[in-house]
1. Filter the stretch B:94-125 for residues that are in contact with a helix residue (DSSP H, G or I) (Cβ under 6 Å, 6 or more places away or on another chain) and within 14 Å of another protein chain (Cβ to nearest Cβ) and give the result.
2. Residue B:76 versus (1) open to solvent by 70 Å² or more (accessible area, probe 1.4 Å); (2) under 27 Å from residue B:158 (Cα atoms): which is the lone unmet condition?
3. Quick one: count up the residues across the stretch B:49-59 that are open to solvent by less than 80 Å² (accessible area, probe 1.4 Å) and within 13 Å of chain A (Cβ to nearest Cβ).
4. Are any of the residues in the stretch B:86-108 within 11 Å of DNA strand D (Cβ to nearest atom), at positive phi and among the hydrophobic types (A, V, I, L, M, F, W, C)?
5. Scan the stretch A:113-122 and tell me whether some residue there is under 25 Å from residue A:44 (Cα atoms), surrounded by fewer than 18 Cβ atoms within 10 Å (Cβ to Cβ) and within 17 Å of the chain's Cα centre (by Cα).
6. Please specify each residue of the stretch B:55-78 satisfying the condition of being away from DNA strand C (no atom under 12 Å from the Cβ) and farther than 15 Å from residue B:121 by Cα.
7. Would you confirm whether any residue within the stretch B:41-48 is more than 8 Å from chain A (Cβ to nearest Cβ), surrounded by 13 or more Cβ atoms within 10 Å (Cβ to Cβ), more than 30 Å from residue B:98 (Cβ to Cβ) and modelled with pLDDT under 95?
8. If the Cβ limit is 9 Å and pairs must be 6+ apart or interchain, which residue in the stretch B:87-102 that is closer than 13 Å to residue B:113 by Cα pairs with which residue that is more than 9 Å from DNA strand D (Cβ to nearest atom) and part of a loop (DSSP other than H, G, I, E, B)?
Number of protein chains: 2
Amino acid sequence: MGDIMADGRTAQTFGSENLLFLTDEQLRQGIEAMFFAYRGFTADPDRILSELAYGRAHHRAIHFINRAPGTTVNNLLAILGVTKQSLNRVLRTLISDGLVESRVGTIDKRERHLFLTEQGQNLESSLSDAQRARMRTAFRDAGPVAVAGFKQVLEAMMDADMRRTHIQLRDSTT
Amino acid sequence: MGDIMADGRTAQTFGSENLLFLTDEQLRQGIEAMFFAYRGFTADPDRILSELAYGRAHHRAIHFINRAPGTTVNNLLAILGVTKQSLNRVLRTLISDGLVESRVGTIDKRERHLFLTEQGQNLESSLSDAQRARMRTAFRDAGPVAVAGFKQVLEAMMDADMRRTHIQLRDSTT
DNA sequence: AGCTTATGTCAGTCTTGTTGACATTCCAAG
DNA sequence: CTTGGAATGTCAACAAGACTGACATAAGCT
């Protein structure tokens, strides 16, 4: 359809042998690699979470509250890309379980600023440790050049607003 | 915890400046990059699917049936990593909607071999086109070296059995 | 003949997402 | 000062897609 040639190469392939890595087959392999890798990426924290009756949504909230302590609900909403009702259900359980603290804003009292309690930080650490251990092994096995390429491709794959959020988080902690 | 040093570097960091990309901060950035990129990765097909009352589960089934036509239900189960009840629900709708055909095996009549109908192939194409378009742009922007690194890290991140499945699929179509 | 395998199906549960409606609180503009 | 809108929270209902457990059927294997 459209730009697909009969032999399965894209139009860009012609005129430059450097672009042979853009065959449909190469792209499909990239797609499958993302699928299988994401499974591995989430497997370790998922195991820990399932024992605590929490899910991935709780992990994501905990991760980004840890990353940007004092963030508002609205800000977290934008990062996570879910509805406030969805996030609220997760936050409610985390707050009532004593993992997250919600403080009314001093400047704007409508806003709630979110922080991890000590207990929340402990869970964050154990989830993060598991995920980082896998990432560390993968990075070490692949080497620095591969890691640079990995990040480059991932950033190019994001939506523009997510790329902005990602870069902002990245640079704020470097 | 455990191997985390006070300054946030991992134990491996010491003794080799080449391994500075393994700081906890670098690993965290990798984790977030995966999260944001995966959102972009699924965004385009998700839009198409939502108009057809299908979800990601249908997409995954269609993708791998297209990739390995004639595959059995059991085989697909292993690739997708879900329960047969979960997969069956998806397959039932796809078969009754005329996108997938299920043929009783000739050698082993217990097995069902799965194929995309012409209609199924059409949907696969439009989903795949959308996803490949994004992947193609990302690959082109990042360049061949980055793409090689990207694939290398993703493979290192997979569980061993998923890596086997991935490599098997990759080599069977090259 | 009996055990195992492959598949399908029914019933129930859980997480996580959705929409819609409505209340509260507060800032800011008229 | 009042009113409109923004930020937040809550309730209710619903759907997708994962899960477990149980059971049925057919076919292959020993």
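1. B:124
2. (1)
3. Looking only at that region, the number is 2.
4. No; the residues of the stretch B:86-108 include none that is within 11 Å of DNA strand D (Cβ to nearest atom), at positive phi and among the hydrophobic types (A, V, I, L, M, F, W, C).
5. no
6. Within the stretch B:55-78, B:57 is the sole residue that qualifies.
7. no
8. Qualifying pairs under 9 Å: B:100/B:117; B:101/B:117.
The values are calculated or read from the model by the stated rules, or taken from the named source; none is laboratory data. Keep in mind that what you see is a predicted model, and the values were worked out from it rather than measured. Positions of Cβ are backbone-derived with ideal geometry, glycine not excepted, and every protein chain shown enters the neighbour counts. Ligands, DNA and RNA are stripped out before the accessible areas are found, and what is left, the full protein with its side chains, is counted by its heavy atoms. Shrake-Rupley method; radii C 1.70, N 1.55, O 1.52, S 1.80 Å.
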